[in-house]
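See structure below.
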Amino acid sequence: MTKEKHLSKIFLSLLLFSMMVVLAACGASGDTNKESGSKTSTWENIQEKGEIVVATSGTLYPASYHDGESKELTGYEVEIMNELGKRLKLEIKYVEMGLDGMLTSLNSGQADLAVNDIEITPEREEKFTFSEPYKYSFGTAIVRKSDHSGIESLEDLKGKKAAGAATSVYMQVGRDHGAEEVIYDNVTNDVYLRDVSIGRTDVILNDYYLQKLALAAFPEFEIMIHPDIKYHPNVQAIIMKKDNDELLKQVNSVLVDMHADGTISELSKQFFGGEDVSVEQDYDFE
């Protein structure tokens, strides 16, 4: 082979390799606008599909659950999302999963938003974006009526079996106080409550309003909200992947309108026994 032919062969190989790299890069970029070549935002993708995919549990009464008669998914946060979809002229498609999977689904692109009484925390704000709040509450503890499960303060959680989801803020409270974790995936309230009642677990650390309504729904269990344990004032909102600025803008615009016209307040009273959880509270405990 002559030197000229050898150089030509090398040049042709390099040219083919460069073309393959360019084509591969184009094929890998599913978010590229075909006309402008610019990256397509999550909001633009949502508009193109005509739907928002929302992750929720479907097992957390009264935030997200299935109606006993119609079997339809409903709840405070579900109905907020349904109204949001109507005002944005988009369909809402729900995917049901446990809390631990919801955050993963946002980063993987399986879901656009997630709602499930998800608290705004500094740690989550580092990784995700939150909407305007729609719920203000605080933490309480469900224990057995007979002996308060041997718990009279958070310090008594050491060695006690605390039921919940691994990544919940409330499980972290139990963990910080030495509780033994009993992790559930995506079970209904009756499973949690029954296990405390029969002694399989000792305590459920969770939101006051959720626990109050859960107890009312299952009066057959010998359990109660501890009268002296109140802690951790908190705020809930819609959560989404970090830096989805246009999606956040659209969601917040609707939520502001829904607060202003009383829609969220009415939904709160509907699902929380007449109480308005959408109003910020001034709690006198830490």
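A few points about this structure:
- The lone exception for ALA111 - which of (1) closer than 16 Å to ILE238 by Cα; (2) in a loop (DSSP other than H, G, I, E, B); (3) without any contact (Cβ under 8 Å) to a residue 40 or more places away in the chain it fails: (3)
- Identity of the residue in the range 113-159, more than 14 Å from ASP202 (Cβ to Cβ) and basic (Lys, Arg), that ends up least open to solvent (accessible area, probe 1.4 Å): LYS135
- One residue stands out in the range 254-269 among those that are open to solvent by 70 Å² or more (accessible area, probe 1.4 Å) and more than 21 Å from the chain's Cα centre (by Cα): the one that is nearest to ASN45 (Cα to Cα), namely ASP257.
- Single unsatisfied condition, ILE238 versus (1) without any contact (Cβ under 8 Å) to a residue 24 or more places away in the chain; (2) open to solvent by less than 30 Å² (accessible area, probe 1.4 Å); (3) of a type outside the set (D, E, K, R): (1)
- Just one of the listed residues (VAL203, VAL251, VAL196) is touching a Gly at 6+ places or on another chain (Cβ under 9 Å), of a type in the set (Val, Ile, Thr), open to solvent by less than 10 Å² (accessible area, probe 1.4 Å) and at pLDDT 95 or above, and it is VAL203.
- Scan of the range 258-286 for residues that are more than 17 Å from PRO62 (Cα to Cα), in contact (Cβ under 8 Å) with a residue 24 or more places away in the chain and in a loop (DSSP other than H, G, I, E, B), ordered by number: VAL279, GLU280, GLN281, TYR283, PHE285, GLU286
- Sole residue being at pLDDT 95 or above and either under 30 Å from LEU248 (Cβ atoms) or in contact with an Asp or Glu (Cβ under 9 Å, 6 or more places away or on another chain) (or both), chosen from ALA217, ALA237, ALA165: ALA237
The values are calculated or read from the model by the stated rules, or taken from the named source; none is laboratory data. Note that the structure is a prediction, hence the values are computed from the model and not measured. So basically every Cβ, Gly included, is an ideal-geometry build from the backbone, and we count neighbours across all protein chains shown. When the accessible area is computed, the model is the full protein with side chains, heavy atoms only, and any ligands, DNA or RNA have been set aside. Shrake-Rupley method; radii C 1.70, N 1.55, O 1.52, S 1.80 Å.
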